[in-house]
1. Considering each of 47, 99 in turn, give the residue that is in contact with a Pro (Cβ under 7 Å, 6 or more places away or on another chain), farther than 23 Å from residue 147 by Cβ and surrounded by fewer than 18 Cβ atoms within 10 Å (Cβ to Cβ).
2. Cβ-Cβ distance below 7 Å, separation of 6 or more or different chains: which pairs start in the stretch 197-222 with a residue that is within 13 Å of residue 145 (Cβ to Cβ) and of a type in the set (S, T, N, Q) and end on one that is surrounded by 11 or more Cβ atoms within 10 Å (Cβ to Cβ) and modelled with pLDDT under 70?
3. Are any residues in the stretch 111-163 touching a Gly at 6+ places or on another chain (Cβ under 9 Å), touching a residue at least 40 places away in the same chain (Cβ under 8 Å) and not aliphatic (A, V, I, L, M), and if so, which ones?
4. Report yes if some residue within the stretch 50-64 is open to solvent by 70 Å² or more (accessible area, probe 1.4 Å) and under 30 Å from residue 203 (Cα atoms); otherwise report no.
5. Can you pull out every residue in the stretch 83-104 that is at negative phi, modelled with pLDDT under 90 and not charged (D, E, K, R)?
6. Is it the case that some residue within the stretch 131-141 is modelled with pLDDT under 85, in contact with a Pro (Cβ under 7 Å, 6 or more places away or on another chain) and of a type outside the set (Val, Ile, Thr)?
7. Among the numbered criteria (1) charged (D, E, K, R); (2) more than 21 Å from residue 16 (Cα to Cα); (3) more than 21 Å from the chain's Cα centre (by Cα), which single criterion is violated by residue 139?
8. Which pairs turn up if I take residues in the stretch 79-93 that are open to solvent by less than 40 Å² (accessible area, probe 1.4 Å) and look for partners that are hydroxyl-bearing (Ser, Thr, Tyr) and assigned to a helix (DSSP H, G or I) with beta carbon separation below 7 Å, at least 6 apart in sequence or on another chain?
Amino acid sequence: VAIYLADYILGTFVRTYEIHSAHFQRLENSVLVTFKNPLGFVPGGYVQLCIPRISRTQWHAFSIHALDEQVDHSCLCIAKAGDWTTKLFEEIGWASHDVCWIQGPFASPFATAVSYSNIIAVASGVGITPCVSALQQLRDYRRVHLIWTCRDASMIEHYLNNIDLDSDAYTLIFYTGKTPLRVQKSLPDNCLFFSERPNWESTIKSIVAAIESGDGLPEESYAVSACVEDIMRKIGEGDSFNHDDAKLALKAAVMQAHRILGASVVEELLQIPADGEEQVMDRRQLEQWLYL
């Protein structure tokens with residue numbers, strides 16, 4: 001009982017901070033809360049958050065991480081899920097400032113990751129926040145590989161534009177949304193994009209094999225990602241699409257189908273009528289078109 005009482009006193013009187021002007025920004029299905037770190041506050045793990053505007057008595061736990069692009073600032077990403085988060089999403093508007101209270105930080109389950117040399121963090125949607133926190137804390141002396149699947153374009157754009165990824169580890173992002181991505185920041189070569197749902201077993205095995213062999217990921221992974229990233233970069237720069245861009249988009253889609261379904265199935269699908277005749281791309285032509 002004494003230990004719990006001491007922990008409560010420490011959290012209430014030593015680790016509780018009032019944030020006078022936190023910045024709230026609404027994304028597609030979540031809210032970003034950004035603030036300047038109070039004196040003595042070191043972001044990491046999770047914090048308890050109270051927003052008097054929403055409720056003066058409710059405290060909720062959220063993962064917290066630093067913002068690489070804003071020195072001495074921290075960020076919470078709160079997904080719209082229950083009553084409290086839905087009310088926050090509806091009342092906060094697209095961008096505003098308000099008062100909030102935070103308590104912490106407290107250690108997250110990722111704290112045990114320091115025991116391993118290579119770490120593979122797997123996240124879906126807003127689950128990226130504890131992974132980012134672990135990446136920031138461990139990337140200087142551990143490899144933190146990241147597999148992230150997300151359908152919220154605004155969330156992906158925020159994190160890629162504000163977080164520095166581990167340059168010595170793989171980051172695989174599987175975007176399953178329909179809104180075109182607009183990412184202007186230059187990404188490292190080991191950050192790969194895919195516009196599909198991941199095959200978890202093969203994806204994790206490919207990272208493990210790449211680490212153990214030192215040969216890197218399969219070449220087709222880089223080829224597919226290059227097509228997706230090129231389209232994404234053009235959208236981010238505001239460029240218009242032309243005939244070559246349409247061919248690039250088609251090529252990315254066919255490459256994904258080739259990897260998932262196999263060459264024989266794709267060959268059957270690539271039967272394009274032209275001038276009353278049927279044109280079929282054989283296996284050799286298909287592989288040359290995809291990988292050379």
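The values are calculated or read from the model by the stated rules, or taken from the named source; none is laboratory data. Keep in mind that this is a model prediction, so the values were computed, not measured. All Cβ positions, even for glycine, are placed from backbone atoms using ideal geometry, and neighbour counts span all protein chains on display. For accessibility, only protein heavy atoms count, side chains too; no ligands or nucleic acids. Shrake-Rupley method; radii C 1.70, N 1.55, O 1.52, S 1.80 Å.
1. 99
2. 206/217; 206/218
3. 130, 133, 136, 137, 149, 152
4. Checked against the condition, which is being open to solvent by 70 Å² or more (accessible area, probe 1.4 Å) and under 30 Å from residue 203 (Cα atoms), the stretch 50-64 yields no hits at all.
5. Matches in the stretch 83-104: 92, 94, 95, 96.
6. no
7. That leaves (3) as the condition not met.
8. Qualifying pairs under 7 Å: 79/85.
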